[in-house]
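What follows is a set of notes on a single structure, which appears directly below.
The values are calculated or read from the model by the stated rules, or taken from the named source; none is laboratory data. Values in this document were obtained by computation on a predicted structure and should not be read as measured data. Cβ: placed from backbone, ideal geometry, glycine included. Neighbour counts: every protein chain shown. Side chains are part of the model used for accessible areas, which takes the heavy atoms of the whole protein and leaves out ligands, DNA and RNA. Shrake-Rupley method; radii C 1.70, N 1.55, O 1.52, S 1.80 Å.
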Amino acid sequence: MPAQSLRCRSCASEYPLEDVGSCPACFGPLDPVYDWDALARAVTRETIAAGPTSIWRYAALLPVEAPQEARLAPGFTPLVPAARLADELGLRELWLKLDTANPTHSFKDRVVAVAAQKARGLGLETLACSSTGNLANAVAARASAEGMESAVFCPADLEPEKLVATAVFGATIYAVQGSYDDCSRLTVELSFELPWAFVNVGLRSYYAEGSKTVAFEIAEQLGWDAPDAVVAPIASGSLYSKIAEGFDQLRRVGLVDASIPRMFGAQAQGCSPVAAAFAADEKVVPVRPRTVARSLAIGNPADGDKAVATARSTEGAVYAVGEQEIGLNMATLAAHTGVFGETAAGVSLGALREAVERGELGREDRVVLVVTGDGLKTPGPVAGLFEPIGIEADADAVLERLGVLT
């Protein structure tokens, strides 16, 4: 087993590798503990290259063993250059990490694969979660692939595209009258009563580690190097902070020499507790979400303070992006790169614009923007662009409209 134990981030108490969601002593978050000296001796670029083209090539750096049969394996998604958008923004290089290529078209497939592997090792038969949509998709699909049951708790007014993409896998969907934070509180309570694998509650310590693989892949795809900066959205704060951890861990085991990238986080103005805390240099204060970016609508982020600390330690920042800008940024990303990202991508592009406008990023920088999910899941903010031209089935009518015929 690569990981040795779980350690409380607050009081440093250690616990066995079981399904415990928080420290029994102080209720602080728990993180896996690794033997970095042993891993530095065992893990090489060659051992990783010999692995599968999925997150499981990095199994030695994860808290679970790789599955013997990796069904529907996520990861090793494309890292593609976006030269036209880089020119538009004034950057030396811009790369897009396309986690839209995962099985259910979001980065959540990574974290669920790790949590599900732990759940199977513990003998649990039902995967469950609270979700703003993408996680529900990933849990339902993973359960189908593994022959498990699934149950998801989502806000009742979630985008129908995400609910349908969950129901198709046979999941039981509980449409909760309330926000994501209400769903989260409900699943915490239920986790004490039901023998289910709540991936983002009892198995959160393992689940969160799956996000590190985004950093591992970026480094490997850049020839075992790190970019100058990474831009990622912030909901709970876990993805953002774990990407930074991933680059730090690659340095620990000697796989990269470069510094940890400056981390720029993105939140929508209607749900920006982390951005507000960063700007005020204070602790995160929960808010009531009112944003079109539903995948980021977590008003009480579990890793919000950690995200603020990540921004400061990497000399990055966290910015709030105006609600009216999100759809425009989604359209700009699509028009300049051919990539249709969900609302979170529109928020991330907005934060990147802010960093450029403030002079924090520019012509000397190589930047990676993480596209966490597919725009087909959240088409609402760009629906106004759909203005087809009605025309008869007549070539002359088309040519006349184009001015070719007079």
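Worth a mention:
- Taking 0.36 nm per residue of sequence separation and removing the Cα-Cα distance, the D37/R312 pair yields an extension gain of 96.3 nm.
- Three-way shape call for the range 131-281 based on the alpha-carbon gyration tensor, with the a/c threshold at 1.5: prolate
- Length available on full extension from D87 to A175: 0.36 nm per residue minus the Cα-Cα distance, which gives 27.3 nm.
- Contact order normalised by residue count of the chain, Cα under 8 Å, 6+ apart, percent: 16
- Most to least accessible of L402, L352 (protein chains only, probe 1.4 Å): L402, L352
- Whether the range 289-356 is rounded, prolate or oblate, judged on the alpha carbon gyration tensor where a/c under 1.5 counts as rounded: oblate
- Taking Lys and Arg as +1 and Asp and Glu as -1, the other residues whose beta-carbon sits under 15 Å from that of R92 total -4.
- Candidates G327, G375, G90: whichever shows maximal mean-square fluctuation once the chain is modelled as a Gaussian network with Cα springs under 10 Å: G90
- Among D225, D374, the order of accessible area from largest down is D225, D374, computed with a 1.4 Å probe on protein heavy atoms.
- Counting only DSSP beta bridges whose two residues both lie in the chain, roughly 30 percent are antiparallel.
- At full extension, C11 and E46 could sit 8.9 nm farther apart than now, given 0.36 nm per residue minus the alpha carbon distance.
- 0 to 90° range, to nearest 10: angle between helix 323-337 axis and the chain longest Cα axis: 80
- The distance linking the range 22-45 with the range 142-196 is 29 Å (Cα centroid to Cα centroid, whole angstrom).
- Global geometry of the range 265-382, whether rounded, prolate or oblate, following the gyration tensor of its Cα atoms and the 1.5 cut on a/c: oblate
- The chain, dipole about Cα centre (Lys/Arg Cβ +1, Asp/Glu Cβ -1), debye to the nearest 20: 680
- Model label zone, V398; criterion: amide N under 12 Å from point 7 Å along Cα-to-beta-carbon; scope the range 334-367: none
- Protein accessible area in the range 169-308, 1.4 Å probe - carbon and sulfur %: 48
- The chain: angle of helix 212-221 to the longest principal axis, Cα-based, in degrees nearest 10: 60
- Taking all protein chains into account, the per residue accessible area for the range 268-406 stands at 49 Å² (1.4 Å probe).
- Relative contact order, percent, the range 36-109 [alpha-carbon distance under 8 Å, six or more residues apart]: 22
- Most fluctuating residue given options Q68, Q324, Q177, as computed from a GNM of the chain linking Cα atoms under 10 Å: Q68
- Nonlocal Lys pairs with alpha-carbon distance under 18 Å, the chain (8 or more apart, or different chains): 15
- Hydrodynamic radius (Kirkwood) for the range 185-267, which is based on Cα pairs only, to one decimal in Å: 14.0
- Note on E323: accessible area approximately 50 square angstrom, rounded to 10, probe 1.4 Å, nucleic acids and ligands left out.
- Convex hull (Cα only) mean projected area of the range 6-124, reported in nm² to one decimal: 10.7
- Å³ per residue enclosed by the Cα convex hull of the chain: 161
- The chain: most fluctuating residue of V370, V33, V139 per GNM, C-alpha cutoff 10 Å: V33
- Square roots of 5 times each gyration tensor eigenvalue, C-alpha, the range 105-159, largest first, Å: 19, 12, 9
- In this simple spin-label model, placing a label point 7 Å from the Cα along the Cα-to-Cβ direction at both L376 and R185 gives a separation of 3.7 nm.
- Accessible area of the range 105-153 belonging to carbon and sulfur atoms, whole % at 1.4 Å probe: 40
- Relative contact order (percent, whole number), the range 103-247, Cα cutoff 8 Å, 6+ residue spacing: 25
- Label sites at A101 and D281, each approximated as a point 7 angstrom past Cα along Cα to Cβ, lie 4.2 nm apart.
- Part-to-part distance (alpha-carbon centres) for the range 89-130 and the range 272-338, which is given in Å: 20
- Angle of helix 134-146 to the longest C-alpha principal axis of the chain, folded into 0 to 90 degrees and rounded to 10: 60°.
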